[in-house]
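Heads up: the structure comes next, in C-alpha cells.
The values are calculated or read from the model by the stated rules, or taken from the named source; none is laboratory data. No experiment lies behind these values; they were computed from the predicted model shown. Note: ideal-geometry Cβ built from the backbone for every residue, glycine included; neighbour counts use all protein chains shown.
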Amino acid sequence: MLGTVPFPVGMGGSVYISYPDSSGLPVWQLLGFITNEKPSAIFKISGLTSGVGSQHPFGAMTIPQMPSVAQIGISVEPQEQLAQQTPVASAAPSTLDAFTQFTQKMLESFYNYATSFTVSQMQMTPNPSELFIPASVVLKWYEIFQRRLSQNPNFWKT
C-alpha cells in the first residue's frame, strides 16, 4: 500500500472508514476505491453520518478498549466488483469550484464567529461606544449571499 507494488492485474482496493457509533461499536462506510490506474484519491469525510454504515469485508473488526478510534480499511477486490459498489454520497468529491467552496467556508466561519459573541438583551450592558447587530441580521445577510453565490458565483465582480 505504499505505491511501490501495484495491485494484481484486474484488482483494486475498496476504501472504507470506520468510527464508533454512540454505543462504541465501529460503523464502516465505503468511501470509494483506488486502482493501478487511479492510485490515489481524496475522500471528503466531514459530512459522514455517524451510525449509518454499509456492508464491508472486515466483519466485527474492532480495536478493543479504544472506542474513539477511527479506522481505515482497504479491501482488495476485482475491479468489476469495485465499479458496482456505491460509496456514501457525502464522501463524493464536491462539484463546486474552489472559489465557491472557499467562499462558503469563509461565510460559515464568519457566521459562527460572529454568533459566538451573542448575548440576550437582558445580558447586554449599556455601553454608548459599542454597536450591536442582531444575529438575525447577520443570518439574513448570510442566506442572501449564499443564494446569490449559488445563482452566479461571479456576482461579486460586478
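Brief remarks on what is shown
- Counted as qualifying within segment 75-158 are the helices (runs of 4 or more DSSP H) with 2 or more residues that are under 30 Å from ILE34 (Cα atoms), namely 79-84, 98-115.
- Sub-7 Å Cβ pairs linking a first residue in segment 2-13 that is under 10 Å from GLU77 (Cα atoms) and among the hydrophobic types (A, V, I, L, M, F, W, C) to a second residue that is in a loop (DSSP other than H, G, I, E, B) and at pLDDT below 90, at least 6 apart or interchain, are PHE7/ASN36, ordered by first then second residue.
- Among the candidates GLY24, GLY53, GLY59, residue that is within 18 Å of the chain's Cα centre (by Cα), at pLDDT below 80 and assigned by TED's automatic domain parsing to the domain that holds ALA83: GLY53
- For segment 32-50, the candidate set comprises residues that are under 12 Å from TYR19 (Cβ atoms) and modelled with pLDDT of 70 or more; within that set, the residue that is farthest from the chain's Cα centre (by Cα) is LEU48.
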